[in-house]
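Report on the structure given below.
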Amino acid sequence: MSAHAASFTCHSRGKGTYEITGEVAGIVTQSGISTGTVTVFVRHTSASLVIMENADPSARTDLEAFFDHLVPEDTPYFIHTYEGPDDMPSHIRMALTRTSEVIPVVNGRMALGTWQGIFLFEHRDAPHQRQIVVSVVGD
């Protein structure tokens, strides 16, 4: 059993989804692991990760619109607004999604489906630098 870890920075331009599949795939290749799992983790409380359709961007546009509707920024009873009106909504959106994803590695590659990609889901309006940690374990 071998393990390999690496990290990278994803620069967001504000709220939205940002594909990181290529960066993660590169780390899996660097690991030299043929069979195992890769864990992807975002080190923030106002961004998350999703595995989502990567062929048609309108699917991600709809996801983003759904979360804007589900957790609006103008909710009057939120008190955690120190960093602005998107502060508490970003934390709730993160809690409703995931901060990590685990993907099988088969024959040295992630076993994602044909239309699946890994995305950073930025929940804040302003641009941010998000730290992504990747761990690959296996043989």
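Where a number appears in this text, it was derived from the coordinates with a stated rule and is not lab data. Computed from a predicted model, the values in this text were never measured in an experiment. Neighbour counts run over all protein chains shown; Cβ positions are idealised from the backbone, glycine included.
Numbers for the structure displayed
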item: Residue (of 95, 40, 3) at the positive-pole extreme of the chain, dipole from beta-carbon charges; result: 3
item: Kirkwood Rh, Cα atoms: Rg over Rh of the chain; result: 1.02
item: Degrees, to the nearest 10: 87-96 long Cα axis against longest axis of the chain; result: 40 degrees
item: Magnitude of the charge dipole, the range 2-138, Cβ model with Lys/Arg +1 and Asp/Glu -1, debye to 20; result: 560 debye
item: J(HN,Hα) series, the range 56-66, from Karplus relation 6.51 cos²θ - 1.76 cosθ + 1.60, nearest Hz, glycine and proline x; result: 10, x, 5, 5, 6, 4, 5, 4, 5, 5, 4
item: Value of relative contact order over the range 67-139, rounded to a whole percent, pairs C-alpha under 8 Å and six or more apart; result: 26 percent
item: Charge dipole of the range 2-138 about the Cα centre (unit charges at C-beta), most positive-ward option of 84, 26, 49; result: 26
